[in-house]
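Structure record follows, encoded as structure tokens.
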Amino acid sequence: MKDNPYPTILKPYDEGTWNAHPFVIVDYLPVTLEDELRKDDISQKLLYALHLLSALRHLHGLGYIHRDIK
């Protein structure tokens with residue numbers, strides 16, 4: 001994953017396993033997607049959704065999955 005940068009995915013710095021659980025270390029963001037989605041701007045919400053889906057498609061194509069999409 002470190003060798004495949006994508007514009008809407010945080011840059012990974014390291015990855016590995018701990019107690020048989022894989023992990024990825026990325027930049028810290030001071031705001032959450034949930035915070036951003038609470039704002040009333042529907043066009044911005046749709047843009048976030050498009051970026052999220054695009055990033056997930058890219059990662060799935062590389063064989064990565066995200067187990068906690070809500």
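Summarising the label geometry, the points placed 7 Å from Cα in the beta-carbon direction at LYS11 and HIS66 lie 2.0 nm from one another. Of the listed values (1) 27, 11, 9; (2) 20, 12, 11; (3) 24, 14, 12, identify the label whose number matches semi-axes √(5λ) of the Cα gyration tensor in Å calculated from this model. Among (1) 27, 11, 9; (2) 20, 12, 11; (3) 24, 14, 12, the one calculated here is (3). Once the 1.4 Å probe is applied to the protein heavy atoms, the chain comes out at 88 Å² accessible per residue.
With the charge dipole of the chain set up from +1 on Lys and Arg Cβ and -1 on Asp and Glu Cβ about the Cα centre, the Cα lying farthest toward the positive end among the listed residues LEU62, TYR28, TYR13 is that of LEU62. Could you work out what % of the accessible surface of the chain is carbon and sulfur, using a 1.4 angstrom probe and leaving DNA, RNA and ligands out of the count? Ligands and nucleic acids excluded, carbon and sulfur reach 60 percent. With respect to the chain, whose longest principal axis is taken over its alpha-carbon atoms, helix 42-61 is tilted by about 20°.
The values are calculated or read from the model by the stated rules, or taken from the named source; none is laboratory data. Owing to the predicted nature of the structure, the values given are computational and were not obtained by experimental measurement. Backbone-built Cβ (ideal geometry, glycine too); neighbour counts: all protein chains shown. For accessibility, only protein heavy atoms count, side chains too; no ligands or nucleic acids. Shrake-Rupley method; radii C 1.70, N 1.55, O 1.52, S 1.80 Å.
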